[in-house]
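The values are calculated or read from the model by the stated rules, or taken from the named source; none is laboratory data. Quantities reported herein were computed from a predicted structural model and do not represent experimental measurements. When we count neighbours, we look across all protein chains shown, and the Cβ atoms used for this are built from the backbone with ideal geometry, even at glycine. Accessible surface areas use protein heavy atoms only, side chains included; no ligands, DNA or RNA. Shrake-Rupley method; radii C 1.70, N 1.55, O 1.52, S 1.80 Å.
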Number of protein chains: 2
Amino acid sequence: MTKFTVSAGEMDAIALGGAFLGTGGGGDPHIGKLMAKAAIAEHGPVDVIDVGDVSDDALCVPVAMMGAPTVMVEKLPRGDEANEALRQLETFLGRKADALICIEAGGLNSTIPFAVAAATGLPLVDGDGMGRAFPELQMVSFTMHGIAATPMVIADEKGNSSVINTISNQWTERIARAQTVEMGGAALVALYPMSGAQMKKGILRNTLSFVREVGETIEAERKAHRNPVEALTARLGGRRLFTGRVVDIERRTTGGFARGKATLKGMDADVGHTFSVEFQNEFLIARDDAGNTLATTPDLICALDADGGLPVTTEQLRFGLAVSFVGVPSDPQWRTEAGLGLVGPGYFGYDQAFVPVESIEAVT
Amino acid sequence: MTKFTVSAGEMDAIALGGAFLGTGGGGDPHIGKLMAKAAIAEHGPVDVIDVGDVSDDALCVPVAMMGAPTVMVEKLPRGDEANEALRQLETFLGRKADALICIEAGGLNSTIPFAVAAATGLPLVDGDGMGRAFPELQMVSFTMHGIAATPMVIADEKGNSSVINTISNQWTERIARAQTVEMGGAALVALYPMSGAQMKKGILRNTLSFVREVGETIEAERKAHRNPVEALTARLGGRRLFTGRVVDIERRTTGGFARGKATLKGMDADVGHTFSVEFQNEFLIARDDAGNTLATTPDLICALDADGGLPVTTEQLRFGLAVSFVGVPSDPQWRTEAGLGLVGPGYFGYDQAFVPVESIEAVT
C-alpha cells in the first residue's frame, strides 16, 4: 500500500528537508536531487510505504553514500554505484530486496535512495536510522536494536567493491571507513540488510514524511519572503541558537571525515557575542563566548543561510556568510544511555554531559 | 600424483629455505613452522604435486598472510583465519578449491599454506608467484599473465572479513592494504583464484622443491659447522655481497609496511668499508660507501647470521648483529620490461636502472 508517491517535483522539498535535518552533513543536496530526478524521469515515480505495511519476512536494505562531504562535492558518483552495491548484496544474500531504507537524513542520503528506488522499482519505507545525520556507520537506531551492519557492500565509481562481514557495527565502521578513504574519500554502500520484523523494531518511523514536510515549510516560507527559522523552530519544538557571520573557519579532512570549527560574530539580537560550532561531517556542538554550550550532539544543530533561508552544509561555510543556527531535540532514543553511548558528546571527545537543547537557557 | 610428501620433520628445512629466499621479509619462520607442524600433527602430512599434474579446470588458490612483518611477530594468527579465508572464497565462488599455492617464499608464507593444506586435505602445487618475497600484493608472476587477484578474501583473527573485487591487481593491493592496516597490521588472505590452465601459465615452477633444497643446504652446512654462504652462492648462482656488523638501524612501520635502512661496518674481507641495505618488508637495495649498488630488486638480497648461518629477517636486524649478505639472480621473468615495471628499482622510487647482480663488479 502506497503511503505517498514521489515524482521529480517532490524531490526539491525532500532534498531541502534532508539538508536541514542533515545538520550540516549528509552531502550536497543539489547533487543528490539531480541524481534522484534523473532516475525518476527515466524510470517513473517512487512509492513510499508505511513501516506497518512491510511484511515481517521482507528483506529491507538501506543504501547510502559514505565519506567526507568535502569529497562528495567534488567526486561525483558515476550514478549506478548504489544500484551495483545493492545488486552485489542481493547476490551475496541469495535473495532480492523487497524495500529500501534511507539510513539518515541528509542532502545526499535522503535523495540517493530515491534514485535507487526509481531504478529498481522498489518502494522506500517511511523512516530512517537516525532522524538526522551522524558521521559514523554504527550511529543508527538499528545498532541499538541489535541489527548487524553486515553483510555490507561498498562500491566505488571505478568498479572496485567489497562484501564486508564483521563482528560488530563498530568494526564495520573501521573497515569500511579505511576502504572509503582508499577509494578516494567517498563510496556507495548497501548495508544493514534486515527483515521486515527487525526493521519495525529498529527504524525511526515517518521520518521521510517529516523530511518532506520540513522541506515544504522551507519552500513556503521562502516563497512568502520570510526566513524559515521561526516556522521551523515552532514546528520542530526547537529553538533559535544564534545568528552570526563566519569570521573564521578551520577545516581538515582526516581519517575520512571533514572535521573543523567555525567561529561566528553575532548579528541582530546576538551582536556583541562570538559563537563557535564544531563539526565532524555534521555539527556536533555550538558554544558562545562565555563558554556556555548552546546545543550538543545528539540534538540537531541545523544551519540556515540568514539571508536566503536555505540549509547550509559544513562545507558551504565560508568567511563572511551569515548563518542562523537552530537547535532541535533529537529522537528520544538518542537521549537514552545506549543512544548517548553511541553518539553523545563523550563519544566525540567532549568532556561534558548531554543537556537537552530545550532545557538550555537562551544566551541573549 | 604426489611429487613429494611433507611431514612435520620437513617443515624445518622449508621454513629455513623460505626465510632465506624471503629476502628479509615474508614473516617469522618460527611461527609459521609451528603452525604448519601443529596442523600436520593433527591432520597428517601434506602432498606436494607437480604443476603438470593439475588438471586445466582445477580451482587453484594461493593462501597467505598479508601485512608488516614487524606486526606479524607480535600479533600471532589465531590459527584458523587462513582456512576461514579459503572457506569464504569457496563459498563466494560456489565451488571447492582443488589445490593450494604458496604466493611467495618467506618464513610465514612458505609455511602457512602447509597448515591450510594439512587442515583441508588439499595438495600444494610445487611452485609460487615470486620465487622470493615482495612486499605488495600485485607483485606476482600471475599479474604478468593477466590473472586477477580478485575475488579475494581477507580475514582477521577477531572474525572480521571482506570479499574484495577490483578492476586491477594494483587496486586490490590498495584496498586490501587499507583493510590490513585497520585489522591491526596483519591479516590472512585467499586470493588469485585461478584455473589449472591459468596456473600453468602464470606460476614459477618447482619453487617449493627449491625452497626445501635451500633449507636442506643450510641445515647440512650448519651441521658441518660451516657458514652456508659459500654453498648457497654456488648452488644459486649468486655472489656474496659483503659481511658486516649492524651499526645503525632505522625503522618505521608506515602505510602497512615495515620500512627502513640498516648501516653495517664491514668485517673480515670487508673491513674498512661501510654498507647499507634498505627495505620495505623485503630488502630492496644494497650499496657500499662509495655509492656503488651491490644488488637491487628484483634480484634477491638475502641475509644470513654471520655466526650461526641462519637466515635473518629485516625485523631481526639489530645493533651489533653480524650479517652476511648474498645476492641471487631473480627469476628471468622479473628481469623483463613487464617484470621491472612491477618490481624494479624505479617502482620503489630508486632513480637507477636495474643491473643484474651477477654483472656487478665485486667491491672488495
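Quick look at the numbers
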item: Residue in region B:310-350 that is nearest to residue B:240 (Cα to Cα), counting only those that are small (Gly, Ala, Ser) and part of a helix (DSSP H, G or I); result: B:339
item: Selected residue (only one of A:109, A:169, A:165 is over 24 Å from residue A:55 (Cβ atoms) and touching a Pro at 6+ places or on another chain (Cβ under 6 Å)); result: A:165
item: Residues of region B:77-92 satisfying the condition of being touching a residue at least 40 places away in the same chain (Cβ under 8 Å) and open to solvent by 10 Å² or more (accessible area, probe 1.4 Å); result: B:77, B:78, B:79, B:84, B:88, B:92
item: Long-range neighbours under 8 Å by Cβ, at least six apart or interchain, first residue in the same structural domain as residue A:140 (by TED's automatic domain parsing) and within 14 Å of residue B:158 (Cβ to Cβ) within region A:157-176, second among the basic types (Lys, Arg) and surrounded by fewer than 24 Cβ atoms within 10 Å (Cβ to Cβ); result: A:167/B:158; A:171/B:158
item: Residue that is most open to solvent (accessible area, probe 1.4 Å) [pool: residues in region B:156-176 that are facing chain A (nearest Cβ under 7 Å) and assigned to a helix (DSSP H, G or I)]; result: B:174
item: Some residue of region B:259-271 being touching a strand residue (DSSP E or B) at 6+ places or on another chain (Cβ under 6 Å), open to solvent by less than 50 Å² (accessible area, probe 1.4 Å) and without any contact (Cβ under 8 Å) to a residue 40 or more places away in the chain; result: yes
item: Some residue of region A:93-111 being touching a residue at least 12 places away in the same chain (Cβ under 8 Å), within 14 Å of chain B (Cβ to nearest Cβ) and surrounded by fewer than 24 Cβ atoms within 10 Å (Cβ to Cβ); result: yes
item: Test: residue in region A:117-125 that is buried (at least 24 other Cβ atoms within 10 Å of the Cβ), more than 14 Å from chain B (Cβ to nearest Cβ) and over 17 Å from residue A:51 (Cα atoms); result: yes
item: Members of region A:213-226 found to be within 14 Å of residue A:324 (Cα to Cα) and open to solvent by 50 Å² or more (accessible area, probe 1.4 Å), listed by number; result: A:226
item: Filter pass, residue A:270 being acidic (Asp, Glu), farther than 23 Å from residue A:357 by Cβ and assigned by TED's automatic domain parsing to the domain that holds residue A:324; result: no
item: Which listed residue is open to solvent by less than 40 Å² (accessible area, probe 1.4 Å), modelled with pLDDT of 95 or more and touching a Pro at 6+ places or on another chain (Cβ under 7 Å), from A:303, A:295, A:286, A:322; result: A:303
item: Matching residues, region A:239-258, being outside any strand (DSSP E or B) and open to solvent by 20 Å² or more (accessible area, probe 1.4 Å); result: A:255
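To keep it simple, each residue is scored yes or no on (1) in a loop (DSSP other than H, G, I, E, B); (2) more than 14 Å from chain B (Cβ to nearest Cβ); (3) more than 19 Å from the chain's Cα centre (by Cα); (4) among the charged types (D, E, K, R).
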| position | (1), (2), (3), (4) |
| --- | --- |
| A:178 | no, no, yes, no |
| A:184 | yes, no, yes, no |
| A:189 | no, no, no, no |
| A:192 | yes, yes, no, no |
| A:201 | no, yes, yes, yes |
| A:208 | no, yes, no, no |
| A:221 | no, yes, yes, yes |
| A:225 | yes, yes, yes, no |
| A:234 | no, yes, yes, no |
